[in-house]
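Scroll down for the structure; my scribbles are underneath it.
The values are calculated or read from the model by the stated rules, or taken from the named source; none is laboratory data. For clarity, every value in this text was computed on a predicted model and none was experimentally measured. Here the Cβ positions follow ideal geometry from the backbone for every residue, glycine too, while neighbour counts run over all protein chains shown. Heavy atoms of the whole protein, side chains included, go into the accessibility calculation; ligands, DNA and RNA do not. Shrake-Rupley method; radii C 1.70, N 1.55, O 1.52, S 1.80 Å.
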Amino acid sequence: MDRVSDRLKRIVVELDEGPLVSERSVEIVERKGIGHPDSICDGIMEEVSIGLSKEYRKRFGAILHHNCDKGLLVAGRVERRFGGGRVIEPMKLVMGDRALWQADGKGIDVEAVAVAAARRWVRKHLRFVDPEKDLDYQVEMRPGSEELTGLFKSESAVLGANDTSAVVGYAPLTDTERVVLAVERHLNGKQFKEGFPETGEDVKVMGCRVGKDLSLTIAMPLIDRFIDRESIYFKRKGEVLDSVHDFVKERRGGLERVRVEMNALDARGRGMAGMYLSVLGTSAEDADSGQVGRGNMVNGLIALHRPRGAEAAAGKNPVSHVGKIYNVLSDRIANDIYQQIKGVREATVWLCSQIGTPVNRPTVSAVRVAVKKGFSFDSIAGQVRVLVDAALDDIPRFCDGLSRGKYPVF
């Protein structure tokens, strides 16, 4: 049996007879924005992987073994004051875990690449954080085991899987998921920040739908240098809420009502204890530490009523570690099934690997599809198998794009 027919045997398609998440009475969805401590860790460690991949290609002609998916952001200390506070103790970023420092008699300064990548990411995404002064860096990356680094010595265009793992992706987003994602992106978008420069990047949106009523709870600090008294804080907060209501009004889809609350711990008359003010725009300044893998899935959401794998995509190597490759690929396959195959209401895709087996040959590719009335499941199932098989054939090109940061991972 040739490889193609063998792989087709491993593509299992089944009918999803519902109810779908969008049809259930309750749905809870969260989004951690770009300035959340967990998202900062995901973003930086992914930037480190992209930086290492680029340097490995430059010096060795290929991407070498690395998995820098163990990142910890330790909260610092600040003093908040009306008109502008100060940093008392900088945050600390601990970056791990495996990366080759040398091969074929040539070396690479992994620590320098990692720190440069971290600073580059901070400059791009966190307006009020000085990557030179407000962050200390501790690089704890060591060479990997001989067994795992040996996978990269293969001359094949497709490497063996770095791990035995399973992940899942789904499409389309529900109205709740779509609104939660859109609201955070709006609040951290360029246009909004130009209109509300006093808002920080640490935005978290929690959506809770009961029936067709959606409640959004938003956490987003205001920067203390822009606020000179309590009344100004609450005035600007009210203006932000009005903006969010206007934004959501045009995007609620099938939702009948959307209620929005922001900074729910606020209380007038309590001074600093009653306002969510920030010096740097992220709670990592003194309130909350962060860690890779505790945040969003690759589609940008934490959807509690959806299946979810245990792998963090950010920072893993893009050519061998299925914890990254399959995470992003399953999401893209699910979206392609929904968008390209007529009659599909919803698609959920599971990919499972076995360590050492080429990454384009999963142990199983499982797809569950919900079908619209009037369409044949058997016909759709055949189209799904062809689409999945084509996506697996395209893995070398896909992994190259992944290594260059083409696809988001959180």
The relative contact order of the chain, taking Cα pairs under 8 Å that sit 6 or more residues apart, comes to a percentage of 28 percent
Working with all protein chains in place, sort Glu250, Glu311 by solvent-accessible area computed with a 1.4 Å probe, largest first.
-> Glu250, Glu311
Sequence-distant or interchain residues sharing an amide H contact under 5 Å with Ala312, placed H: which?
-> none
Tally up the carbon and sulfur contribution to the accessible surface of the range 38-107 as a whole percent, 1.4 Å probe, everything protein left in place.
-> 47 percent
Karplus-derived 3J(HN,Hα) from phi for the range 39-44 (6.51 cos²θ - 1.76 cosθ + 1.60, θ = phi - 60°), whole Hz, x at Gly and Pro, runs 5, 4, 4, 4, x, 5
Tyr137 accessible area, nearest 10 Å², 1.4 Å probe?
-> 50 Å²
Long-range HN-HN contacts of Val203 with modeled amide H, under 5 Å = Gly33, Ile34, Gly35, His36
Listed pairs Lys58/Lys153; Lys204/Lys406; Lys32/Lys92; Lys32/Lys153; Lys58/Lys193 exceeding 27 Å between Cα atoms | Lys32/Lys153; Lys58/Lys193
Classify the chain as rounded, prolate or oblate from the Cα gyration tensor: take a ≥ b ≥ c as the square roots of its eigenvalues, call it rounded if a/c is under 1.5, otherwise prolate when a/b beats b/c and oblate if not.
-> oblate
Want the number for Asp378 to Arg77: 0.36 nm per residue separation, take away the alpha-carbon distance, what's left?
-> 102.4 nm
When the chain is treated as a GNM, springs tying every alpha-carbon pair under 10 Å, which of Gly281, Gly61, Gly43 comes out with the largest mean-square fluctuation?
-> Gly61
Heavy atoms of His321: accessible area, 1.4 Å probe, square angstrom to 10 | 10 Å²
Computed for the chain: size of charge dipole around the Cα centre, +1 on C-beta of each Lys and Arg, -1 on C-beta of each Asp and Glu, debye to nearest 20, value 620 debye
Calculated FRET value between Val94 and Arg345, using beta carbons and R₀ = 60 Å, to 0.05 | 0.85
By how many nm would the segment from Lys133 to Ala310 grow when fully extended, if each residue of separation counts as 0.36 nm and the alpha-carbon distance is taken off?
-> 60.3 nm
Under 15 Å, Cβ to Cβ, from Ser231 - net charge with Lys/Arg +1 and Asp/Glu -1 | 0
Where the centre of each part is set by its Cα atoms, how far does the range 134-179 sit from the range 223-245, in angstrom?
-> 40 Å
State the antiparallel share, in %, of DSSP beta bridges confined to the chain, rounding to the nearest 5.
-> 70 percent
GNM, the chain, Cα, under 10 Å: largest mean-square fluctuation among Lys193, Lys235, Lys92?
-> Lys235
Roughly how many nanometres apart are two label points built 7 Å out from the Cα toward the Cβ at Leu20 and Arg120?
-> 4.0 nm
Lys and Arg at +1, Asp and Glu at -1: neighbours of Val122 with Cβ under 9 Å from its Cβ sum to +2
Relative contact order, percent, of the range 254-410 when contacts are C-alpha pairs under 8 Å separated by at least 6 residues?
-> 21 percent
The chain: most fluctuating residue of Gly309, Gly105, Gly33 per GNM, C-alpha cutoff 10 Å = Gly105
What accessible area per residue comes out for the range 303-379, rounded to a whole number of Å², with a 1.4 Å probe?
-> 40 Å²
Kindly report the accessible area of the range 160-286 per residue (heavy atoms of protein chains, probe 1.4 Å, no ligands, DNA or RNA), in Å².
-> 42 Å²
If amide H atoms are built 1.01 Å from N in the plane of the peptide, which residues on other chains or at least 5 residues away come under 5 Å of the amide H of Arg98?
-> Asn67, Cys68, Asp69, Arg142
Ordered by residue, what ³J(HN,Hα) values in Hz, to whole numbers, does the range 236-253 give under the Karplus form 6.51 cos²θ - 1.76 cosθ + 1.60, where θ = phi - 60° and Gly and Pro are x?
-> 5, 4, x, 5, 4, 4, 4, 5, 5, 4, 5, 5, 6, 3, 8, 10, 7, x
Hz values of 3J(HN,Hα) by residue in the range 207-217 - Karplus curve (6.51, -1.76, 1.60), Gly and Pro given as x | x, 10, 9, 10, x, 10, 9, 10, 10, 10, 10
Tell me, what % of the accessible area of the range 253-350 is carbon and sulfur with a 1.4 angstrom probe?
-> 45 percent
Pseudo-spin-label distance Arg270 to Arg229, built 7 Å along Cα→Cβ, given in nm, is 2.2 nm
The extension gain from Trp101 to Phe196, computed as 0.36 nm times the residue separation minus the Cα-Cα distance, is 29.8 nm
